[in-house]
Amino acid sequence: MDISDHLKGILDTLPDKPGCYIMKDKADTIIYVGKAVNLKNRVRSYFHASAEHQPKVRQLVKNIIDIEWIVVGSELEALILEMNLIKKHRPKYNIRLKDDKRYPYIKVHWKQNFPKVTVTRYMEEDGSRYFGPYTSVWAVHQTLDVLRRIFPYLTCDREITGEDVRACLYHDIKLCTAPCIGAISSEEYRNMINDLCNFLNGETQGIVQRLSKEMKFASEQLLYEKAAALRDRIQAIDRVVEKQKVISTEKINSDVIAMAREDGEACVQIFFIRAGKLIGREYFILEGTEDEAESQIISQFMKQFYTEAASIPSQVLLPNQIEESQVISEWLKTKRNCQKVELKVPRRGENAALIKMASENAVETLSSLRTQWQADKDKQRQALSEISEALKLPEIPYRIECYDISNTQGTSAVGSMVVFQQGVPYKKHYRRFNIKTVVGPDDFASMEEVLRRRFKRWESYHSQNDLLKKKDESFSVLPDLLIVDGGKGQLSRAVAVLQDFNLLDKVAVTGLAKQQEELFVPGKSLSILLPRKSQGLYLVQRIRDEAHRFAITAHRNKRSKLGLVSRLEAIPGIGPARRKKLLAYFGSIDKIQSASVEEISKAGKMPTELAQSLKEFLE
């Protein structure tokens, strides 16, 4: 095959050492990341006997313009680097988890005297305990609803002293143990939260045994109310455990992984088995799987999933052998505090039956999802077709951008840009604009400023004079349809901006008036009304509501920060530098008020005496 002189030079200088290689296209975009024990042999193999490669690899090679590499000390280091690069850049030709969002976790704030339980999308090394990841926030909150009825943990922001006069309503309805009034000690509360953690890990037998002893002791001491509460907790645990299917006589903690695939999409199902019981399951969709071997898909899934996993079992059951089993096992061992992790491919017995069950679930899940996706696609296609027909567009709008302005009497004004592609939100291209040139509550002028800045960024993105500037891809393409939230006034400003940028013949534009959900287009005095129950109207409303929500959220955040700044400015000794540090660390007055003097001192890098004064001033 023909190879450019530039690529030939790279191939001739590749080192024969372990590392990662990064392939780029003509736009300097990373399109593939791989790892190799020997960089020279692995990278060169892409350019030899290309006819023998799968279509996906041939397509990749056609688009390679440049290759970079990073040498590391071992295959394990190469694996870790490869995972980080794929996660960061999400290259087009790599197998990757379909959603680029962060998955939710249950977080137990273990370092607090009275640990709280929250939902987060980030795992940090902050002494907390994490459980997950889960694929659905809804599923996490369902789990927390069950947990709170068994282990009534704190949810309020009170400073717990045990000396409050009365507890809140949650204590009355048995959803809080009321440490605020001293109804439970710190030690007892931490024991309960530790039980909650063990429960999430599937360890229930020891909890029930200990609670039974405590219930018996409380009864003997004539503490009947406490004994009744413990009895209710035991019964609640029993009800949950009854639903957990016993599927293995082995008391080993295992993850069972299987997959199904169809038309370039793969669904991986993972069962979480703890002490022989199925305590949960999740599914993940992967993309970029066309032409890939099943073992390669499973391998890539494991690397991406266990990078984010809060806990790793001693055993992982797989449907097939994977090429990288040894290095992946070694890597999992490092993540499990140097405890061994076995990767097994069972051929018979209970474990083989588990693989079969997981595989059947993966097939059913993928089939159900594909049916749902197709129904959604049909609705989106219908909606876009109806919008296109109503507005007399030359073709169906692939990319729709909608703009809205939010302010309070002209203060803290913010503009929002939301993007829908093929009828679904494309959130990575959402952008906010702090209004800079408009004084007072002038939504028309604010809208004009936002649109001018947006199309100026489009010009800048494609300007040869701005090659050295950092460019934002959200402004790299023009919308097929631009929607402004408002009637004829907002529309006229949008038209003026498009005319100034010579884009009126390239970008269709419409104004959406709230009262009658009317659409206005340039050059026509009469509005367009989409049918009341049409998919087109539903989509337009959804886009408008999303732009409004995004603008309102940005406006509230900005207003909140301005309020915090104004209060901090009134405190002697809190200058601009300290205000900035406090703002960045806490973000709100409430969080500063609830923080300790030591934490404020550390965050603001100020003497303890000044931190004490600040706290007293705010209170």
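Extension gain for Glu294 to Lys111 (0.36 nm times residue separation, less C-alpha to C-alpha distance): 61.6 nm.
Using the Cβ of Leu526 as centre and a radius below 12 Å, the other residues enclosed give a net charge of +1, where K and R count +1 and D and E count -1. The stretch between Lys488 and Tyr426, if pulled fully straight at 0.36 nm per residue, gains 19.6 nm over its current Cα-Cα span. Counting beta carbons within 10 Å around each of Leu317, Leu391, Leu222 and listing the fewest first gives the order Leu222, Leu391, Leu317.
Based on DSSP, what percent of beta bridges with both residues in region 399-555 are antiparallel, to the nearest 5? Of those bridges, close to 70 percent are antiparallel.
One chain, two ends: Gln205 and Leu504. Fully extended at 0.36 nm per residue, the span grows by 100.7 nm beyond their Cα-Cα distance. The Glu350 and Asp164 beta-carbon pair, evaluated with R₀ = 56 Å, returns a calculated FRET efficiency of approximately 0.60. Rounded to the nearest 500, the 222 nm mean residue ellipticity of the chain from helices alone is -15000 deg cm²/dmol, with -39,500 (n - 2.57) taken per DSSP H run of at least 4 residues. In summary, the lysines within cross-link reach of Lys87, defined as a Cα separation below 20 angstrom excluding same-chain residues under 8 places away, comprise Lys24, Lys35, Lys98, Lys101, Lys303, Lys335, Lys427, Lys428.
Using a Förster distance of 56 Å, how high is the FRET efficiency between Asp378 and Lys591, based on the Cβ-Cβ distance and rounded to 0.05? Once rounded, the FRET efficiency stands at 0.75. Among Tyr585, His53, Tyr21, which residue has its Cα furthest toward the positive end of the charge dipole of the chain, with +1 on Lys/Arg Cβ and -1 on Asp/Glu Cβ? Of Tyr585, His53, Tyr21, it is Tyr585. When only Cα pairs below 8 angstrom with a gap of at least 6 residues are kept, region 106-243 shows a relative contact order of 19 percent. Taken over the C-alpha atoms, region 488-532 has Rg and Dmax values of 11.2, 35 angstrom. With neighbour counts taken as other beta-carbon atoms within 10 Å, the residues His462, His89 rank, fewest first, as His462, His89. Using the Cβ of Ser299 as centre and a radius below 12 Å, the other residues enclosed give a net charge of -3, where K and R count +1 and D and E count -1. Given R0 = 41 Å, the distance between the Cβ atoms of Lys456 and Thr120 translates into a calculated FRET efficiency of 0.65. Projected onto planes of every orientation and averaged, the convex hull of the alpha-carbon atoms in the chain covers 35.9 nm². The distance from the alpha carbon centre of region 347-417 to that of region 522-544 is 20 Å, rounded to a whole number. The alpha carbon gyration tensor of region 106-243 gives principal lengths a ≥ b ≥ c with a/c of 1.5 or higher and a/b no greater than b/c, which makes the shape oblate.
For the chain, the dipole from Cβ point charges (+1 on Lys and Arg, -1 on Asp and Glu) about the Cα centre works out to 580 debye, to the nearest 20. Calculate the spin-label point distance for Asp238 paired with Cys156, positioning each point 7 Å from the Cα along the beta-carbon direction, and give it in nanometres. Placing both labels 7 Å beyond Cα along the Cβ direction yields 3.2 nm. When only Cα pairs below 8 angstrom with a gap of at least 6 residues are kept, region 399-555 shows a relative contact order of 26 percent. Working from label points 7 Å from Cα in the Cα-to-Cβ sense, the Glu262 to Ser186 distance is 5.6 nm.
For the chain, give me the percentage of DSSP beta bridges that are antiparallel, rounded to the nearest 5 percent.
80 percent
The ranking of Trp458, Trp373 by Cβ neighbour count inside 10 Å, starting from the fewest, reads Trp373, Trp458. Taking every C-alpha pair closer than 8 Å and separated by at least 6 residues, the mean separation divided by the residue count of the chain gives a relative contact order of 8 percent.
Computed from the coordinates by the stated procedures, all read-outs in this text should not be read as laboratory data. Predicted model, so just to flag it, every value in this text is computed and none were measured. All Cβ positions, even for glycine, are placed from backbone atoms using ideal geometry, and neighbour counts span all protein chains on display.
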